[in-house]
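Scroll down for the structure; my scribbles are underneath it.
Every read-out reported here was derived from the displayed coordinates using simple, explicitly stated rules and does not represent laboratory data. Note that the structure is a prediction, hence the values are computed from the model and not measured. Note that each Cβ is placed from the backbone with ideal geometry, even for glycine, and that neighbours are counted across all protein chains shown.
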Amino acid sequence: MNPFKRAPRRRQQVQLCAEALETRQLLTGGAGNTFAIIPGTIDKPNGTVSVSFTLDQSHFTRPKGKVAIGIDVVADPSGSLKPLISSVTDPHGKIIPQTIHAIYDPHVKHRQVAGGKGTSAVISPIGSFPSDPSQPVTFTTQVQATGKTTGKFLLGFYLPGDANGDGKVDQTDLKLVRSLLGSKAGDKRYSFDADTNRDGRITATDVAYTKQNMGVTTTISPVIAANLDTSSVSNPAGRANNMPTARFTGTATPGAAITYANSSDPQQATISTTADTAGNYTVITPLSLGDNVFEVTSVDAFGQTIKGKIAGVTYKP
């Protein structure tokens with residue numbers, strides 16, 4: 001299914017561009033049980049690119065030692081790219097078995113999925129890497145262009161079974177999925193987030209994936225918040241200060257590296273910090289005379305980089 005045609009949910013639609021609005025979830029936004037979004041570009045017709053992602057103990061709880069990761073791909077709507085997830089591989093380059101597309105119509109071939117039929121999503125069963133289960137493990141998703149197309153795409157990672165989009169799979173989710181059995185896309189009862197394989201219908205397969213992921217949690221987040229601390233400036237309404245500093249607070253993925261770069265004055269030092277275990281952070285930035293627009297960047301352990309500019313702060317002594 002095309003992720004750009006989803007019904008509205010608690011986290012609104014994926015965006016390709018940064019949202020220059022403060023006090024809102026800004027930069028690349030997520031939707032429902034999507035916990036990470038990584039962009040990519042295929043610049044050769046029928047080319048293939050690799051996108052890496054990392055699972056670690058700090059951000060994923062896996063009671064059974066495994067997790068079924070959902071991966072979806074969507075092309076930039078302004079381009080012509082028809083992308084297809086061709087495989088998911090382990091650190092040694094071996095294809096993870098049973099990583100399959102869910103096809104609504106059994107007569108639809110996998111390559112036709114890239115043309116909009118069936119679903120573009122795959123579910124990949126990922127376990128702890130046997131060499132050292134406690135260490136972070138990096139996997140790779142291969143995205144292929146079909147039909148001699150090129151262009152940009154977004155790769156979305158989601159947690160199958162997380163029907164209410166709270167970052168964990170529990171009995172509440174299982175009850176919700178069961179209550180929606182028999183519903184199809186277009187029905188009032190249908191829920192995109194309860195559709196674990198995104199094939200447009202809620203069936204026993206979705207119940208099975210929810211049970212498989214029972215107890216799995218993640219703290220990876222597809223959004224970052226950046227808020228001006230109004231107590232740190234002399235004129236909060238005008239976003240101005242008579243002192244050469246300003247304080248910002250926000251939330252991001254726990255442990256993410258956060259940077260604030262002054263795009264209005266590249267001579268100013270870039271300020272860096274790390275989100276704490278709850279995902280909160282604070283930075284105090286120097287201000288140059290006049291307007292100061294900051295570009296905020298978050299880089300997390302999963303491999304996701306979120307970047308965008310926020311509204312400026314004016315320094316008037």
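Some observations on this one:
- Of the cross-linked pairs 66/94; 66/211; 82/309; 66/307; 64/211; 82/168, those separated by over 21 Å at the C-alpha level are 82/309; 66/307; 82/168.
- Extension gain for residue 234 to residue 249 (0.36 nm times residue separation, less C-alpha to C-alpha distance): 3.7 nm.
- Extension gain (nm, one decimal) between residue 276 and residue 58, 0.36 nm per residue minus Cα-Cα: 77.3 nm
- Partners for residue 188 among lysines (Cα-Cα distance below 21 Å; same-chain residues under 8 apart left out): 5, 175
- Environment charge at residue 262 (Cβ cut-off 11 Å; Lys +1, Arg +1, Asp -1, Glu -1): -2
- Bridging of residue 184 to aspartates and glutamates at a Cα separation below 15 Å is possible for 105, 193, 195, 199, 206, once same-chain residues fewer than 8 apart are set aside.
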